[in-house]
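Structure first, commentary second.
Bear in mind that the values in this text are calculations on the coordinates, not laboratory data. What you are looking at is a predicted structure, and each value in this text was computed from that prediction instead of being measured. Cβ placement follows ideal geometry from the backbone for every residue including glycine, while neighbour counts extend to all protein chains displayed.
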Amino acid sequence: MSDTVAAGDEVILDAPNFIRVYKSGRVERFLRVNFAPPGTDAATGVSSKDVTILPGNGLSARIYLPPAPAGGQQGKVPVLVFFHGGGFCLGSAFDAAAHGHANQLAARGRAMVVSVEYRLAPEHPVPALYGDAWVALQWVAAHAAGQGPEPWLTAHADFGRVHVGGESAGANIAHHAAMRAGAEELGHGVKVSALVLIHPYFLGGDSSESDEMGMAVHRELVRLWPVVCPGTSGCEDPWINPMAEGAPSLARLGCGQALVCVGGKDPMRGRGRLYAEKLMASGWQGEVGVWEADEQGHGFHLVWPTCSEAEAQVGVVAEFLSRP
């Protein structure tokens, strides 16, 4: 189609099959959300329901509760506040793939998952979604005194084990939430215990590890970034590159444990590995682990959730969540 649809409405970003953004602010998304309703998952026994976090601005979540142990009662379980991927501008916590992944994390990790439906760019430019993430964490923490609007949290959440995590752009969001937790109080005595980054979306630096297809993806992500974050300084902006010179020190990360999962064929795998290296070298007083899925690309677990590597990755995250 022509770059000029109507006067003053030229295309400023066209990512075929994904998203088209116009100068007027109009957005066309071609990667549709395959909505999955909440309920009880037949395969895992995990129950889920949708909740409103902040009325009026669209901030909501889907909460997942694992089944009680066989022959026992539901006790206190860790909480994972989780953010979906999608380049800051696509995806949903309510998408079938994200829903299935959250069911698996809740079941195998014996954890309550709060999967956040944050506001998307470019309609709500970065850093709005980082603010949404913090509000979601505060909302969870507000239940620690045994009060709050969500009975599953007040009855079953172990507020001594509140974790934050995400995949792709959601991993980026989770990192910044954990950094903020190192600088500000969540309230109600709640601390972030651990950080889970699955295929983190960080740009900048050297992308020489990428193959030809990976380089093409990388170029599209570089083009996308200033559209979702107007006024950015580029790929060395600490929002998209927390390892950049001048970025806040990773030593301030507000948790004691971190897990980074990467795909062996993910064009951003080098950024994930570097993040772990920089974190360990920063003076941060925690423990970080890296797990790699050989021969797998970015977000493979959402496309092939039953493959052996996807099941292994869920297992690694589940074991991490179950630590005391």
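Under a 5 Å amide H cut-off, with hydrogens placed 1.01 Å from N, residue 157 pairs with 77 among residues at least 5 apart or on other chains.
Magnitude of the Cβ-charge dipole of the range 215-324, K/R +1 and D/E -1, about the Cα centre, nearest 20 debye?
Working: 9 positive and 13 negative charges, 57 e Å.
That gives a dipole near 280 debye.
Candidates 275, 151, 198 compared by Cα position along the dipole of the chain: farthest toward the positive end lies 151, with charges placed on Cβ. In loop segments of the range 30-102 as defined by DSSP, the trypsin sites (Lys or Arg not before Pro) with at most 10 further C-beta atoms inside 10 Å of their C-beta are 32. With both residues required to sit in the chain, DSSP beta bridges show an antiparallel share near 45%.
Please determine, in degrees from 0 to 90 and to the nearest 10, the orientation of helix 128-141 with respect to the longest principal axis defined by the Cα atoms of the chain, where the helix direction is its Cα long axis. It is inclined by approximately 0 degrees.
Helical content alone sets the calculated 222 nm signal of the chain at -9500 deg cm²/dmol, taking -39,500 (n - 2.57) per DSSP H segment of four or more residues and averaging over every residue. The long axis of helix 169-183 is offset from the longest Cα principal axis of the chain by roughly 60 degrees. The charge dipole of the chain, taken about its Cα centre with unit charges on the Cβ of Lys, Arg, Asp and Glu (plus for the first two, minus for the last two), comes to roughly 820 debye.
Looking at 215, 249, 94, which one has the Cα that reaches farthest to the positive end of the dipole of the chain (charges on Cβ: Lys, Arg +1; Asp, Glu -1)? Projecting each Cα onto the dipole axis, the largest value belongs to 94. Here's how it looks for residue 80: its modeled amide H is under 5 Å from those of 112, 113, 114, 163, which are all 5 or more places away or on a different chain. Only lysine pairs 8 or more places apart or on separate chains count here, and in the chain those with Cα atoms under 26 Å apart total 5.
Residues with beta-carbon under 14 Å from that of residue 41, excluding residue 41: net charge, scoring Lys, Arg +1 and Asp, Glu -1?
Neighbour charge sum, excluding residue 41 itself: +3.
Amide H to amide H distances under 5 Å link residue 293 with 262, 263, 264, where only residues 5 or more positions off or on other chains count and H is placed in the peptide plane.
Which net charge results when you count Lys and Arg as +1 and Asp and Glu as -1 among the other residues whose beta-carbon is under 15 Å from that of residue 260? Local charge sum for residue 260: -2. The angle between the Cα long axis of helix 96-109 and the longest principal axis of the Cα atoms of the chain comes to about 40 degrees, rounded to the nearest 10.
Counted by Cβ distance under 10 Å from residue 322, the other residues give a net charge of +3, where Lys and Arg count +1 and Asp and Glu count -1.
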